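Colleague: Please read through the structure below; I'll follow up with questions.
The values are calculated or read from the model by the stated rules, or taken from the named source; none is laboratory data. Fair warning: this is a prediction, and the values are worked out from it, not measured in the lab. Positions of Cβ are backbone-derived with ideal geometry, glycine not excepted, and every protein chain shown enters the neighbour counts. Heavy atoms of the whole protein, side chains included, go into the accessibility calculation; ligands, DNA and RNA do not. Shrake-Rupley method; radii C 1.70, N 1.55, O 1.52, S 1.80 Å.
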Amino acid sequence: LYGSCNYRYLQAMSRGSLACVIFDQGETDALDPALAVNWESNFNILRDAIRADMGANTPIVIRRLSDAQASALPYIDVVRAQQTSASQNSYMVGMITCDIAGGCAVDSSIYHFTPSSYRIIGQKAADMCSALLANIPAPGP
């Protein structure tokens, strides 16, 4: 999976630059207690690979699992706690939410959001990316 991500990064870099990585993952982890409790440590491995390949200051935005998905994901609370911890304990990592109260809804698959929800997610991700980018330290002399 990471190889595919890095390939897309290299393709994008041939046409421009990368502002931010959006990490929208966790549904499968929320189905399995062993995966759920290891979400943050697995994310940290991915974060380190991203930073090694894409730059130490590459901002990463986590989209936290939505409460709209809770009925199908028995370990959603475990993963959501891991996602919150990862965003609070990692340099240049932010988190966005898209819950029912915020107007988000999933389709019948529970894994995909409605088109209007994706617009909300996209705007929130862009806003968080901008906030993270504002905190990148200036290069030294």
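Colleague: One-quarter of the Cα convex hull surface for region 60-130, in nm²? Numbers along the way, then the final one.
Modeller: On the way: hull surface 18.6 nm².
Mean projected area for region 60-130: 4.6 nm², to one decimal.
Colleague: Still on this structure, please answer the following. Helix-derived [θ] at 222 nm for the chain: sum -39500 (n - 2.57) over DSSP H runs of at least 4, divide by residue count, nearest 500?
Modeller: Helix contribution divided over all residues of the chain: -14500 deg cm²/dmol.
Colleague: Counting only protein heavy atoms, what percent of the accessible surface of region 56-138 is carbon or sulfur at a 1.4 Å probe? Working shown, then result.
Modeller: Details: 2250 of 3970 Å².
Carbon-and-sulfur percentage of accessible area, whole number: 57.
Colleague: On to the next question. To the nearest 10 degrees, how steep is helix 76-89 against the longest Cα principal axis of the chain, on a 0 to 90 scale?
Modeller: 20
Colleague: Here's something else I'd like to know. Residue farthest toward the positive end of the dipole of the chain, with Cβ of Lys/Arg at +1 and Asp/Glu at -1: which of Phe23, Asn135, Cys5?
Modeller: Farthest along the dipole direction, towards plus: Asn135.
Colleague: Which is farthest toward the positive dipole end of the chain among Ser14, Gly94, Gln69, measuring Cα position about the Cα centre, with Cβ charges +1 (Lys, Arg) and -1 (Asp, Glu)?
Modeller: So the residue we want is Ser14.
Colleague: For the chain, what D do you get in µm² per second when you plug the Kirkwood radius from alpha-carbon pairs into Stokes-Einstein at 10 °C and 1.306 mPa s?
Modeller: Working: Rh = 15.9 Å.
Once the numbers are plugged in, D ends up at 100 µm²/s.
Colleague: Moving on. Does region 93-141 come out rounded, prolate or oblate, given a ≥ b ≥ c as the square roots of the eigenvalues of its C-alpha gyration tensor, rounded meaning a/c under 1.5 and, failing that, prolate meaning a/b above b/c?
Modeller: Details: a/c = 3.74, a/b = 3.47, b/c = 1.08.
Judged from the Cα gyration tensor, region 93-141 comes out prolate (a/c at least 1.5, a/b above b/c).
Colleague: Return the unpartnered cysteines for the chain, using a Cβ-Cβ cut-off of under 4.7 Å.
Modeller: Lone cysteines by the Cβ rule: Cys5.
Colleague: Find the centroid of the Cα atoms in region 57-92 and in region 106-125, then give the distance between the two in whole Å.
Modeller: 15
Colleague: If you don't mind, there's one more thing I want to ask. Using a 1.4 Å probe on the protein chains only, how many percent of the accessible area of region 1-50 belongs to carbon and sulfur?
Modeller: Details: 1760 of 3000 Å².
C and S atoms contribute 59 percent here.
Colleague: On to the next question. Relative contact order for the chain: what percent, with Cα pairs under 8 Å and sequence separation of 6 or more?
Modeller: It rounds to 25 percent for the chain.
Colleague: May I pose another question? Could you give the longest part of the chain that holds none of the chymotrypsin sites (Phe, Trp or Tyr not before Pro) found in DSSP loops with at most 16 neighbouring Cβ atoms within 10 Å? Intermediate results must be reported in sequence, preceding the final value.
Modeller: On the way: sites that count: Tyr91, Tyr111.
Longest stretch, sites excluded: 1-90.
Colleague: Can I ask one more? Tell me, what is the per residue accessible area of region 21-141 in Å², probe radius 1.4 Å?
Modeller: On the way: 5990 Å² over 121 residues.
Ligands and nucleic acids excluded, the figure is 49 Å² per residue.
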